[in-house]
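The block underneath contains the structure these notes are about, expressed in structure tokens.
Laboratory data are not the source of any read-out in this text; all were calculated from the coordinates shown. Just so you know, these numbers come straight off a predicted model, no measurement behind them. FYI the Cβ positions are ideal-geometry reconstructions off the backbone, even for glycines, and counts take in every protein chain you see.
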Amino acid sequence: MQKLLASVLFLLCFSFSTQAQQPEKLNASEIHQTVKKLNFLGSVLYLAAHPDDENTRLISYMSNHVKARTAYLSLTRGDGGQNLIGPELRELLGVIRTQELLAARRTDGGEQRFTRANDFGYSKHPDETLAIWNKNEVLSDVVLAIRQFKPDIIINRFDHRSPGTTHGHHTSSAMLSVEAFDLANDKNAYPEQVKQYGTWQPKREFFNTSWWFYGSEEKFEEADKTNLLNFDIGVYYPALGVSNNEIAALASSQHLCQGFGRLSQRGSQTEYIELIKGDLPKDKSNIFDGINTTWTRVKGGEQIETILKNVETNFNFENPAAHLDQLLQARQLILAIDSPQWKDQKIKEINKIIEACAGLYLEASANTPTASTGQIIDIDIEALNRSNATIKLDSYTISNNSINSNYGKLLKANDKQVLKEKITIANSLQPTGPYWLNQKGSLGMYKVEDKNLIGKPETPRAITIDFHLNINGFPFTVTKDLVYRYSKPDKGELYRPFEIIPEASAKINQKVIIFENDQQKEIPVTVQAGKDNLEGYITIAHPNGWSVFPEKQKIAIANKGQEQTFIFTIIPPKNQSEGLISPMVTIGDKTYTKELVEINYEHIPFQTVLLPSESKIVRLDIKKRGENIAYIEGAGDVVPESLKQIGYNVMILKPEDITPERLSAFDAVVVGIRAYNIVEALKFKQEILFDFVDKGGNMVVQYNTNRGIKVDKIAPFDLQLSRDRVTDENAEVTLLAPNHELLNFPNKITTKDFEGWTQERGLYFPDQWSSDFTPILSMHDKDETAKTGSLLIAKHGKGYYIYTGLSFFREFPVGVSGAYRLFANMLSIGKQDITNDNGIKN
């Protein structure tokens, strides 16, 4: 599952590297900015529900202008959304969005945190959200984040007082934050946390409001602003050569899978926050007014402040190493303070500054990007002192190995030392992967057995190298993750994390395999070797009533990384049935049942993910008419592949290929999800498509959002989209036109066909349409009026135009039988005279 994404990010002098894997290298201006942050003892926690909810302008302002330690707590990882850059959805999309958030924080200077809440898709009300999430567990995670991070100030992106007016996840995030504000200081709330982290009471809590929440700019101008603070977040940073808004735009542009790449902004801009808990600052221009943010906040901090303020004021931009003795002295004093909160954080900050001032370059690179347990790998260790400081490398320690090398040599100025080691990957090490996917969770929650991992953005790396140094007489340790460094002729130097993988993995490319009749299918299964000389055998676990031939096949793969493909014949039962098949690879006394997924985009680090290797098999009772389908791609889905599974010939048609001559070869045209939102060229093709329908073709248009439509008309008749949606996937469906051909030919559609749907019924239904349309279905969420715009059909000339907001793009990937049967009817309507499956014309 590899894709390379062409870089669309901006190149700025400020060190926002588009190569996410590159090690951080601070220049003098950046070191000075970090010293300023070192001298500010205040913290801000920004809180919302999803990746892309965060206000990067305000996070950047708090981090880079105020100099506060700033973090974004996203309750979810965004698994329920869509992917505009590739095929990854659900868990894999959550992995991408996690890394995009980390890329955004590397850009705007913030930190990133999460809870165990799973983004299960759109929710209309907090009651629904908190019923699907485990409210107590998510609340405990929010309390944990506050107790760990210890923010002076919390800023919520959303309003806790407006349930039912926006996404239920959004309101829930604010409601949980408001509740956690007080619980974090209650020793009886989640006492197991108190033992480890203590209690904490934030000073203030705000809602990041704007005119939008008031309904209009006019209403906002008239509103009482007594409890509001405002900031000009368009401030310019001369030392960095960019404005706050430019940094924020670049941070926001990391959310590429959501289509958030955007132009940078400059100039003055006002941001508002409304006090909802705590005391209002007397100086409304200073969010930290009344909070001590100097080193005098901690006992013994006066001497530290004296030293570090001198470094900040008299910073030597030409030779930052001139400050090493002062920084090392301050570090010793920080180690002695009796405040775990600030000691731990400020030691991390000052270590980073010392390393940068000394011009230290320390790296450990493996000779391979991956290895399995028991494998021996070579490591190149590079140590370089690019200053005139007296730096000695006493020793280095490689984690999870017995290597503790006593080097004991001076690192002469600009004299690179390259050391070589061999290590064996310990059998105790687990394969690399997102910790929240190690165990099967629920619809609304991830399951995390190791409580110490809760809240962390990613799994800590298994192999690290500790460089034990002595700088100007002071002991100093730097820890680096093991990496893989390589080059490509068209890319130059590249980095990727070193990954531990299983010795064998297996995959079936098709995650849903549809049998439209009782004919057998040959299914390829691919085994990948994680080590050389892989030998064993593979079998297929399958449900009762299905047969697999052969029962077992031998595996023999000579080289690590190579693959061997096996063909198994799957024989379905005579009647409708469904279940799961899973390849089982046996190597010695171990059996492997997981698939190794690789995610490779340039804007985030390379990711490997292990998921259960299983595919759903569905024996359908389905009939269809017509054969040739043209598909116009939109925001990305698997509908074309799904239609191929039930026997259609599907051709992807680009806008420039939409001509009357090309369309004449097809029985139907299907327009992908959100195509009219993102494919501007379609505005010039609509009349050609409508003419295709007029001459007897069928046109099926899947959902579009009601904002940002690129075409003048989405249908040959009046049709108005709305935000109507039905999020309850089990909502009752009423057949409004039970005798309509669409529900009867060639498959008889009943309410049973709407069982087993996932995530939602549909979204962005039309709410107004001309009398030419016939509404087919009615459905609604709890306590709402009926929504009848989910499936509309109109006769246009000799053909049919169909608009549907039903979420086929979610149902097909999980093999919902009824969704396939209904879609087949949509493509078949009006085709009764086409030869049927037995070669007989109806």
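Determine Rg/Rh for the range 180-258; Rg is computed over alpha-carbon atoms and Rh is the Kirkwood hydrodynamic estimate from the same atoms. Walk me through the numbers before you get to the answer.
Working: Rg = 19.3 Å, Rh = 17.0 Å.
My calculation of the ratio gives 1.14.
Using the Stokes-Einstein relation with a Kirkwood hydrodynamic radius computed over Cα pairs, the translational diffusion coefficient of the range 547-705 at 25 °C and a viscosity of 0.890 mPa s comes to 125 µm²/s. Evaluated at q = 0.18, 0.20, 0.22 Å⁻¹, a Debye calculation over the C-alpha positions of the range 504-619 (equal weights, vacuum) places log10 I(q)/I(0) at -0.90, -1.04, -1.18.
Compute the whole-percent fraction of alpha carbon pairs in the range 544-608 spaced more than 16 Å apart.
Working: 1373 of 2080 pairs.
Across the range 544-608, Cα pairs with separations above 16 Å total 66 percent.
Rounded to whole numbers, the Karplus 3J(HN,Hα) couplings from phi for the range 686-692 are 4, 5, 5, 5, 5, 5, 4 Hz, using 6.51 cos²θ - 1.76 cosθ + 1.60 with θ = phi - 60°, and x at Gly and Pro.
Total lysine pairs in the range 628-828 at Cα distances under 17 Å, for residues eight or more apart or on different chains: 11.
Relative to 2.2 N^0.38 Å, what does the C-alpha radius of gyration of the range 383-444 come to as a ratio? Two decimals please.
Rg over 2.2 N^0.38 Å, computed on Cα atoms: 1.81.
How many times 2.2 N^0.38 Å is the alpha carbon radius of gyration of the range 735-842?
Values: Rg = 14.4 Å, N = 108, 2.2 N^0.38 = 13.0 Å.
Relative to the 2.2 N^0.38 Å estimate, the range 735-842 comes out at 1.11.
Order the peptides 691-702, 718-729 from the highest to the lowest mean number of other Cβ atoms within 10 Å of their residues. Can you show the working numbers first?
On the way: 691-702: 21.5, 718-729: 18.6.
The packing order, highest mean first, is 691-702, 718-729.
Summarise the long-distance tail of P(r) for the chain by giving the % of C-alpha pairs beyond 46 Å. List each step's numbers first, then the result.
Working: 114255 of 354061 pairs.
Value for the chain: 32 percent of Cα pairs lie more than 46 Å apart.
Its relative contact order, with pairs defined as Cα atoms under 8 Å and 6+ residues apart, puts the chain at 10 percent.
Percent of C-alpha pairs per 5 Å bin in the range 300-454, short distances first: 2, 7, 12, 13, 12, 14, 14, 12, 8, 5, 2, 0. Report, ordered by chain and residue number, the lysines lying within cross-link reach of K416, taken as a straight Cα distance under 21 Å and ignoring same-chain residues fewer than 8 apart. Result set, ordered by chain and number: K25, K352, K392, K480. For K554, the lysines whose Cα comes closer than 20 Å to its Cα, not counting residues fewer than 8 places off in the same chain, are K507, K531, K590, K594. Residue ranges 819-828, 304-313 sort as 819-828, 304-313 when ordered by packing (mean number of other C-beta atoms within 10 Å per residue, highest first).
Taking every alpha-carbon pair under 8 Å whose residues sit at least 6 apart, the range 732-842 reaches a relative contact order of 30 percent. Taking the chain as the reference, fit the longest principal axis to its C-alpha atoms, fit the long axis of helix 817-828 to the helix C-alpha atoms, and give the angle between the two in degrees, 0 to 90, nearest 10. Computed tilt is about 60 degrees.
A crude spin-label estimate for the pair N472 and L494, with each label 7 Å from Cα along the Cβ direction, gives 4.1 nm. For the peptides 563-574, 803-814, 195-206, 252-263, the ranking by packing is 803-814, 252-263, 195-206, 563-574, with the highest mean count of neighbouring Cβ atoms within 10 Å listed first. Each residue of the range 551-559 was assigned a 3J(HN,Hα) from its phi angle through the Karplus expression (A = 6.51, B = -1.76, C = 1.60, θ = phi - 60°), giving 6, 8, 9, 7, 9, 8, 10, 6, 10 Hz with x at Gly and Pro.
Net charge near L827: determine it from the other residues with C-beta under 12 Å of the C-beta of L827, scoring Lys and Arg +1 and Asp and Glu -1.
Working: positive: K623, K624, R625, R821, K831; negative: E627, D667.
Charge balance in the 12 Å sphere: +3.
Taking the radius of gyration and the Kirkwood hydrodynamic radius from Cα positions alone, what is the Rg/Rh ratio for the range 614-759, to two decimal places?
Values: Rg = 16.4 Å, Rh = 17.1 Å.
Ratio of gyration radius to Kirkwood radius: 0.96.
Over all other residues within a Cβ to Cβ distance under 12 Å of E312, the charged ones net out to +3, with Lys and Arg as +1 and Asp and Glu as -1.
Could you tell me which of the pairs K67/K343; K67/K284; K67/K195 are separated by over 22 angstrom between their Cα atoms in the structure shown?
On the way: K67/K343 17 Å; K67/K284 17 Å; K67/K195 30 Å.
Result: K67/K195 exceed 22 Å.
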